[in-house]
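Participant: Dropping a structure here in structure tokens format, bear with me for questions.
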Amino acid sequence: SVEEFGIGYAPLYPDFLLRRMSRDFSPEILVEAGLALKDQRGAIRDRFRGRVMFPLHDLSGQAVGFGGRLLQRQEAGSDSTLPKYVNSPETPVYRKGELLYNLNRAKAELSRSGTAYVVEGYTDVIALYQSGLPTGVATCGTALGEGHFGLLRRFATRAILAFDSDEAGARAAERAYSFHERHPVEALVLVLPEGLDPADLVRERGPDAFRQAAEGAIPLVEYMIRRATRDVDTEDPEARAQGVQAGLPIVAGLANRVRRDEYAALLADLMGVSTDSVQFELHRIRPSQEAATPEARPGQPRSPAREVEKEALKLLAQRPD
């Protein structure tokens with residue numbers, strides 16, 4: 001795995017890389033490339049020191065940046081304010097919002113399987129790879145964004161967001177919600193067992209446990225609705241009404257009418273209320289859009305759903321029993 005992923009090490013010396021690369025490159029170029037930086041006194045030194053190094057590759061396999069993780073044994077004796085991870089800054093060749101760690105290796109298998117596991121850390125990706133799950137990818141020290149989905153859509157049809165904690169998963173889901181409808185990638189959320197990250201899960205319970213958990217991943221919008229209403233006491237009428245109000249903005253934000261109707265029915269089912277009441281509230285907060293879809297008038301073609309309603313009413317009128 002060290003060789004496959006090109007993992008290396010940056011010694012603690014402040015000029016270990018500078019001294020070796022300055023033979024061929026000026027300090028200014030090394031600063032622009034994100035390999036060196038200027039300190040408060042204006043002196044140039046290595047950006048990465050005392051860290052395990054993970055090269056970040058573009059789709060063609062070219063290294064365009066690095067992620068450096070502080071070694072555990074050094075943390076106790078070093079400045080406690082040092083961040084656990086340091087990543088390359090954005091440069092002319094590295095834009096973190098447009099790059100996914102390991103996508104250059106995973107893209108071939110992704111084109112076959114269609115399913116990408118989006119995780120938080122480089123070591124999660126490597127642990128999945130070691131366990132026979134080669135389609136793990138990770139963001140590079142930044143939040144999951146639309147640029148990442150733009151990359152995934154080229155190779156995958158499903159993206160399973162497998163984050164270390166429910167809070168991290170919720171933040172990622174909220175960000176993905178804002179743009180997921182613009183990309184033909186089905187987004188699902190995998191809530192891992194408490195206290196486990198993907199690397200822990202495959203190490204302690206094996207790859208089959210991770211696959212089984214991934215099969216239980218739920219659609220992103222369903223996850224958000226369930227999370228928004230998870231503390232609602234469905235035995236209390238007032239609480240049910242509040243739960244509907246908590247879930248409505250999520251449903252109303254969907255551009256696709258069919259998806260809105262489906263998730264309105266889910267919200268109603270979760271809260272133990274009628275779908276009609278949820279639809280009524282939905283129409284109240286989407287008046288302009290709903291007005292653009294006029295009700296069927298006499299002489300106009302009816303939707304299949306309206307035909308069913310019409311036939312049901314005819315039967316009811318003829319056979320009340």
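Participant: Name the residues in the range 119-132 that are among the aliphatic types (A, V, I, L, M) and modelled with pLDDT of 95 or more, would you?
Facilitator: Selection gives VAL125, ILE126, ALA127, LEU128.
Participant: Test GLU238 against the criterion of being open to solvent by 20 Å² or more (accessible area, probe 1.4 Å) and assigned to a helix (DSSP H, G or I), and give yes or no.
Facilitator: Criteria met by GLU238.
Participant: Identify all residues within the range 212-235 that are charged (D, E, K, R), surrounded by fewer than 19 Cβ atoms within 10 Å (Cβ to Cβ) and in a helix (DSSP H, G or I); write none if there are none.
Facilitator: GLU215, GLU222, ARG226
Participant: Continuing with this model, one more query. GLY169 is checked against (1) part of a helix (DSSP H, G or I); (2) over 30 Å from LEU59 (Cβ atoms); (3) under 18 Å from the mean Cα position of the chain (by Cα) and fails just one. What number does that condition carry?
Facilitator: (2)
Participant: Now a separate question. Taking the range 12-35, which residues are open to solvent by less than 90 Å² (accessible area, probe 1.4 Å), more than 27 Å from ARG105 (Cβ to Cβ) and either of a type outside the set (A, V, I, L, M) or under 32 Å from the mean Cα position of the chain (by Cα) (or both)?
Facilitator: PRO14, ASP15, PHE16, SER22, SER26, PRO27, VAL31
Residues checked against (1) at pLDDT 95 or above; (2) within 18 Å of CYS140 (Cβ to Cβ); (3) among the aromatic types (Phe, Trp, Tyr):
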residue	(1), (2), (3)
PRO11	no, no, no
ASP15	no, no, no
SER26	no, no, no
ARG41	no, no, no
GLY50	no, no, no
LEU71	no, no, no
TYR85	no, yes, yes
LEU100	yes, yes, no
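Participant: Within the range 40-73, restricting attention to residues that are farther than 18 Å from LYS84 by Cα and in contact with a Pro (Cβ under 9 Å, 6 or more places away or on another chain), which residue is surrounded by the most Cβ atoms within 10 Å (Cβ to Cβ)?
Facilitator: Residue satisfying both the conditions and the ranking: VAL64.
Participant: Let me ask something else about it. Just a yes or no: is a residue in the range 161-177 touching a residue at least 24 places away in the same chain (Cβ under 8 Å), surrounded by 22 or more Cβ atoms within 10 Å (Cβ to Cβ) and of a type outside the set (Gly, Ala, Ser)?
Facilitator: yes
Participant: Let me ask you something else. I need the full set of residues from the range 181-211 which are surrounded by 18 or more Cβ atoms within 10 Å (Cβ to Cβ) and modelled with pLDDT under 90, in order please.
Facilitator: VAL191, LEU192, LEU196, ASP197
Participant: Anything in the range 207-231 that is charged (D, E, K, R) and touching a strand residue (DSSP E or B) at 6+ places or on another chain (Cβ under 8 Å)? List them, or say none. Reasoning before the result, please.
Facilitator: If we filter the range 207-231 for residues that are charged (D, E, K, R), which is where we start, we get 208, 211, 215, 222, 226-227, 230-231.
Scanning the range 207-231 gives a single hit, ARG226.
Participant: Test VAL118 against the stated conditions and say whether it is closer than 24 Å to ALA10 by Cα, not basic (Lys, Arg) and not in a loop (DSSP other than H, G, I, E, B).
Facilitator: Working: closer than 24 Å to ALA10 by Cα: no; not basic (Lys, Arg): yes; not in a loop (DSSP other than H, G, I, E, B): yes.
Spelling it out, it is not the case that VAL118 is closer than 24 Å to ALA10 by Cα, not basic (Lys, Arg) and not in a loop (DSSP other than H, G, I, E, B).
Participant: Determine if the range 288-301 includes at least one residue that is at pLDDT 90 or above, small (Gly, Ala, Ser) and more than 29 Å from HIS183 (Cα to Cα).
Facilitator: No, that holds for no residue.
Participant: Separate question: So which of TYR85, TYR101, TYR122 ends up being touching a strand residue (DSSP E or B) at 6+ places or on another chain (Cβ under 6 Å), within 19 Å of PHE149 (Cβ to Cβ), touching a residue at least 24 places away in the same chain (Cβ under 8 Å) and among the hydroxyl-bearing types (Ser, Thr, Tyr)?
Facilitator: None of the other options fit; the residue is TYR101.
Participant: Have a look at LEU151, LEU133, LEU110 and point out the one that is more than 28 Å from ILE225 (Cβ to Cβ), open to solvent by less than 30 Å² (accessible area, probe 1.4 Å) and in a helix (DSSP H, G or I).
Facilitator: Checking each option against the conditions leaves just LEU110.
Participant: Would you mind telling me which numbered condition in (1) more than 22 Å from GLY121 (Cβ to Cβ); (2) in contact (Cβ under 8 Å) with a residue 60 or more places away in the chain; (3) not hydroxyl-bearing (Ser, Thr, Tyr) PHE54 fails?
Facilitator: Tallying (1) more than 22 Å from GLY121 (Cβ to Cβ); (2) in contact (Cβ under 8 Å) with a residue 60 or more places away in the chain; (3) not hydroxyl-bearing (Ser, Thr, Tyr), PHE54 fails exactly one: (1).
The values are calculated or read from the model by the stated rules, or taken from the named source; none is laboratory data. As the structure is a computational prediction, the values presented were derived from the model and not from experiment. We place every Cβ from the backbone using ideal geometry, glycine too, and count neighbours over all the protein chains shown. Keep in mind that these areas ignore ligands, DNA and RNA; they rest on the heavy atoms of the full protein, side chains included. Shrake-Rupley method; radii C 1.70, N 1.55, O 1.52, S 1.80 Å.
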